[in-house]
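See structure below.
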Amino acid sequence: MDSNDNEKVGYGNPPKATRFKTGQSGNPKGRPKGRPNFATALEKALRGTVVITENGRRRPISKREAAAKQLANKAASGDLKAIRLLATLQPAEERSGAATAPRPAAMPSTETASQKLYRSLKKAQAELDAKQKR
């Protein structure tokens, strides 16, 4: 009998012969450097532009703004899913009506992706409302 027979083998303890060598991972290539993660790819896609026709005039807007307009319009027409989504995207401070103090420029932003999306949705809706009043 050799010393390997006394080795405990089971869940979380594979046989020594099948373990990765020291300093070597199971995914040696890993994610390529410079490959964007999903959030980066989404941000890049949302920065793209589309051409819309509004009041008979064509104009380019960002895809983020177009999505915000569509969501706001669906919510305004009574689509419950759109209303629910807008409610979840709206920051809690704005729902309660509490005013927030402006953030000093030196402090980094801790704004989440949903807060950014809500802010851009709100901005797009305000622009849409302003144009409809003209």
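Got at least one residue in region 115-122 being part of a helix (DSSP H, G or I) and either at pLDDT 90 or above or small (Gly, Ala, Ser) (or both)? Full working, then the answer.
Going residue by residue through region 115-122, those that are part of a helix (DSSP H, G or I) are 115-122.
Checking which are either at pLDDT 90 or above or small (Gly, Ala, Ser) (or both) leaves us with 120.
Within region 115-122 (the criterion being part of a helix (DSSP H, G or I) and either at pLDDT 90 or above or small (Gly, Ala, Ser) (or both)), the answer is yes, since at least one residue qualifies.
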Residues of region 44-74 classified as of a type in the set (Gly, Ala, Ser) and either over 20 Å from the mean Cα position of the chain (by Cα) or within 19 Å of residue 90 (Cβ to Cβ) (or both), total: 4
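For residues in region 76-102 being surrounded by fewer than 13 Cβ atoms within 10 Å (Cβ to Cβ) and among the β-branched types (Val, Ile, Thr), which is modelled with the lowest pLDDT? Working first, answer last.
So the first thing to find is which residues in region 76-102 are surrounded by fewer than 13 Cβ atoms within 10 Å (Cβ to Cβ), and the list is 77-78, 80-81, 84, 87-88, 92-93, 95-102.
From what is left, the residues that are among the β-branched types (Val, Ile, Thr) are 88, 100.
Details: 88: 86, 100: 54.
By that ranking, first place goes to 100.
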Restricted to region 40-58 and to residues being surrounded by 11 or more Cβ atoms within 10 Å (Cβ to Cβ) and without any contact (Cβ under 8 Å) to a residue 12 or more places away in the chain, the residue nearest to residue 120 (Cα to Cα) is 43
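The values are calculated or read from the model by the stated rules, or taken from the named source; none is laboratory data. What you see is a predicted model, and the numbers here were worked out from it, not measured in a lab. Positions of Cβ are generated from backbone atoms using ideal geometry, with glycine treated the same way; all protein chains shown enter the neighbour counts.
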